[in-house]
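Structure first, commentary second.
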Amino acid sequence: MIGRDHKLPIIRQCRLLSLSRSSFYHRPRGESAENLALMREIDQQFLDTPFYGVRQMRWHLRRQGHDVNVKRVRRLMRLMGLMPIYQKPNTTVPHPQHKRYPYLLKGLRIERPNQVWCADITYVPLARGFLYLVAIMDWHSRKVLAWRLSNTMDVQFCLDALDEALDRYGAPEIFNTDQGSQFTSWAWTERLKQAGVRISMPLGECMHSPVGNRRQRALHGQYLHRTAMAQSQI
């Protein structure tokens, strides 16, 4: 760009490139040792809780003894390219013509694996777009049984995850989901019926999670976040 040994003086080169002379002489400083330590702490925590946003991360750092404000944490997380996983509101879109199923878990004691499974679709923001991630979990053990990524909300990636879970772990007694169109579709419900699974759906669009949405996102992140980000770069 601008060369000190060029025949044109530096001030002339700066004018031709619409740059101020001060910007040429400015040399940006690297991050301080304190900020580098904060970034290491943020990175380590984000691997465990990839659903943490700026405010949650700030509280974590303060609990570790770091006196930081939201603005500073936001800048460092942006610098590191960290964006939390979260559930986008419209991942649950009912289909008006699909059959609804009763909610079977009210008053039910869930005491063993393969008694109840559930599925959830999570929105994963990336630097250049986003992906949808479906995860199938055992309600009792809280284990992620299978998962798939997709850039669309069609039912096929949900079926692929379901088939893998059934092949690996057998069929549950009950499968509980929200009333999203993927889970009320004929392809999904017929696959469950063929496996002898009873279908459960809560009233409305609220998903009754086995461990709460916050914990569910933590489980998703623990098992899936690194792989999702890596596959998005392929």
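The values are calculated or read from the model by the stated rules, or taken from the named source; none is laboratory data. If you're wondering where the values come from, they're calculated on a predicted model, not measured in any experiment. So basically every Cβ, Gly included, is an ideal-geometry build from the backbone, and we count neighbours across all protein chains shown.
Among the residues of segment 165-181 satisfying the criterion of being without any contact (Cβ under 8 Å) to a residue 40 or more places away in the chain and closer than 13 Å to Leu192 by Cα, which is surrounded by the fewest Cβ atoms within 10 Å (Cβ to Cβ)?
Asp167
Of everything in segment 36-81 that's out of contact with any helix residue (DSSP H, G or I) (no Cβ under 8 Å at 6 or more places or on another chain), closer than 22 Å to Val124 by Cα and part of a loop (DSSP other than H, G, I, E, B), which residue is modelled with the highest pLDDT?
Selected residue: Gly53.
Run Val124 past the list (1) closer than 22 Å to Phe51 by Cβ; (2) in a helix (DSSP H, G or I) and report the number of the one that doesn't hold.
Answer for Val124: the failing condition is (2).
Based on this model, can you work out whether Leu224 counts as modelled with pLDDT of 50 or more and in a loop (DSSP other than H, G, I, E, B)?
It is false that Leu224 is modelled with pLDDT of 50 or more and in a loop (DSSP other than H, G, I, E, B).
When you check Met1 against the structure, is it at pLDDT below 75 and among the aliphatic types (A, V, I, L, M), yes or no?
Yes.
Looking at segment 169-183, which of its residues are under 17 Å from Asn114 (Cβ atoms), touching a strand residue (DSSP E or B) at 6+ places or on another chain (Cβ under 7 Å) and of a type outside the set (A, V, I, L, M)?
Tyr169, Pro172, Glu173, Phe175, Asn176, Thr177
Determine if segment 184-202 includes at least one residue that is out of contact with any strand residue (DSSP E or B) (no Cβ under 7 Å at 6 or more places or on another chain), at pLDDT below 85 and under 20 Å from Pro113 (Cβ atoms).
no
For segment 25-35, check the following and say yes or no: at least one residue is outside the structural domain of Ile174 (by TED's automatic domain parsing), surrounded by 12 or more Cβ atoms within 10 Å (Cβ to Cβ) and at pLDDT 80 or above.
Within segment 25-35 (the criterion being outside the structural domain of Ile174 (by TED's automatic domain parsing), surrounded by 12 or more Cβ atoms within 10 Å (Cβ to Cβ) and at pLDDT 80 or above), the answer is yes, since at least one residue qualifies.
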